[in-house]
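Peer 1: The structure's right below; bear with me while I get my questions together.
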Amino acid sequence: DQQVKQNSPSLSVQEGRISILNCDYTNSMFDYFLWYKKYPAEGPTFLISISSIKDKNEDGRFTVFLNKSAKHLSLHIVPSQPGDSAVYFCAASANTGNQFYFGTGTSLTVIP
Amino acid sequence: ETGVTQSPTHLIKTRGQQVTLRCSSQSGHNTVSWYQQALGQGPQFIFQYYREEENGRGNFPPRFSGLQFPNYSSELNVNALELDDSALYLCASRQDLTGSPLHFGNGTRLTVT
């Protein structure tokens with residue numbers, strides 16, 4: 001049973017524009033969320049996190065939004081750069097738990 | 001600051017054999033987790049170790065076992081390898097049990113033939 005879903009397998013965006021990657025979850029106990037970027041032949045690299053006490057967190061070009069009522073989070077990248085081309089994973093955990101549940105990833109291509 | 005390192009990077013084994021994968025956690029991190037990532041999927045939780053004790057386990061059979069050492073490095077052992085065990089095995093460390101992100105190594109690509 002997939003508790004974290006990324007329904008868009010791929011996304012293409014023009015350089016300089018905004019990239020929006022979406023993630024949905026089903027478990028209302030999840031209270032800590034992460035986004036990772038993964039290049040081929042490398043492990044996932046941590047990008048940004050958000051806890052359920054917030055609805056927005058920013059770090060440079062990356063902003064994560066959390067909508068708890070909709071069980072939805074999104075990652076905004078502004079402006080998008082060709083080096084952002086990678087697979088992006090969202091992950092969620094419950095404070096009482098010890099594992100992260102990952103989505104299946106969205107492959108982002110930023111076109112120069 | 002040294003990141004998470006895993007060895008070996010690639011491994012080919014035959015069905016029925018046993019394999020040991022190794023991981024050194026990031027300095028200052030006392031919690032290590034192992035994840036399996038099949039092609040086209042997200043990482044799946046195998047288990048977590050905190051201060052040398054198993055602290056949680058995902059839906060993997062007992063032939064997947066692990067260890068954490070006093071220096072917080074870790075091993076993943078898989079016995080009686082099956083073809084479906086072919087995957088990328090990722091080790092991740094974090095500081096304490098909750099409220100901090102996982103930091104991953106580059107993984108070990110295991111192929112079972």
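Peer 1: Considering the options A:Phe62, A:Pro40, B:Thr20, tell which one lies farthest towards the positive end of the dipole of the protein assembly as shown, charges being +1 on Lys and Arg and -1 on Asp and Glu at the Cβ, about the Cα centre.
Peer 2: Farthest along the dipole direction, towards plus: A:Pro40.
Peer 1: Can you give me the orientation-averaged projected area of the convex hull built on the Cα atoms of the protein assembly as shown, in nm²?
Peer 2: Result: 12.2 nm².
Peer 1: What are the residues whose amide H is under 5 Å from the amide H of B:Thr31, where those residues sit 5 or more places off or on another chain and H is modelled from the backbone?
Peer 2: Result for B:Thr31 returns B:Arg94, B:Asp96.
Peer 1: A further question on this structure: Work out the mean other chain Cβ neighbour count within 10 Å for the residues of A:41-48 and drop it here as an integer.
Peer 2: Other-chain Cβ atoms within 10 Å of each residue's Cβ, averaged: 6.
Peer 1: Next question, about the same structure. For chain A, just say rounded, prolate or oblate: build the C-alpha gyration tensor, square-root its eigenvalues into a ≥ b ≥ c, call rounded for a/c under 1.5, and beyond that prolate if a/b exceeds b/c, oblate if not.
Peer 2: prolate
Peer 1: Within 10 Å of each Cβ in peptide A:24-32, how many partner chain Cβ atoms are there on average? Round it to a whole number, please.
Peer 2: Counting Cβ atoms of other protein chains within 10 Å of each residue's Cβ and averaging gives 1.
Peer 1: With +1 assigned to the C-beta of every Lys and Arg and -1 to the C-beta of every Asp and Glu, and no other charges, what is the dipole magnitude of chain A about the Cα centre in debye, to the nearest 20?
Peer 2: Using only the charged Cβ atoms, the result is roughly 120 debye.
Peer 1: Express the relative contact order of chain B as a whole percentage, based on alpha carbon pairs under 8 Å and six or more residues apart in sequence.
Peer 2: Relative contact order of chain B: 37 percent.
Peer 1: So how many Å³ per residue does the convex hull of the Cα atoms of the stretch A:2-59 work out to?
Peer 2: Dividing the Cα hull volume of the stretch A:2-59 by its residue count gives 128 Å³.
Peer 1: So, one more: How many nm separate the modelled label positions at B:Gln41 and A:Gln81, each set 7 Å beyond the Cα in the direction of the Cβ?
Peer 2: Taking the simple label geometry, B:Gln41 and A:Gln81 are separated by 3.4 nm.
Peer 1: Using the Karplus curve 6.51 cos²θ - 1.76 cosθ + 1.60 with θ = phi - 60°, work out ³J(HN,Hα) for each residue of the stretch A:9-24 in order, rounded to whole Hz, and write x for Gly and Pro.
Peer 2: Each residue's phi maps through the Karplus curve to give x, 8, 8, 10, 9, 6, 3, x, 8, 8, 9, 10, 10, 10, 8, 10 Hz.
Peer 1: What is the average number of partner chain Cβ atoms found within 10 Å of a Cβ in B:44-57?
Peer 2: Counting Cβ atoms of other protein chains within 10 Å of each residue's Cβ and averaging gives 2.
Peer 1: Follow-up question, since we're still on this one. At a Cα cut-off below 25 Å, give the lysines reachable from A:Lys56, other chains included and same-chain residues fewer than 8 away excluded.
Peer 2: A:Lys5, A:Lys37, A:Lys38, A:Lys68, A:Lys71
Peer 1: Would you mind estimating how fast chain B diffuses translationally, via Stokes-Einstein at 25 °C and 0.890 mPa s with the Kirkwood radius over Cα pairs, in µm²/s?
Peer 2: 177
Peer 1: For the stretch A:68-105 and the stretch B:1-17, what is the separation of their C-alpha centers, rounded to whole Å?
Peer 2: The two parts, judged by their Cα centres, are 26 Å apart.
Peer 1: What full-extension length gain, to one decimal in nm, is calculated for B:Ala80 and B:Thr5 as 0.36 nm per residue of separation minus the Cα-Cα distance?
Peer 2: Taking 0.36 nm per residue and subtracting the Cα distance, the gain is 24.5 nm.
Peer 1: Among B:Thr5, B:Ser33, B:Leu76, whose Cα sits farthest toward the positive end of the charge dipole of the stretch B:1-84 (+1 at Cβ of Lys/Arg, -1 at Cβ of Asp/Glu, about the Cα centre)?
Peer 2: B:Leu76
Any read-out appearing in this document is the output of simple, stated calculations on the displayed coordinates, not a laboratory observation. For clarity, every value in this text was computed on a predicted model and none was experimentally measured. Cβ sites come from the backbone with ideal geometry, for glycine too, and all protein chains shown count toward neighbours.
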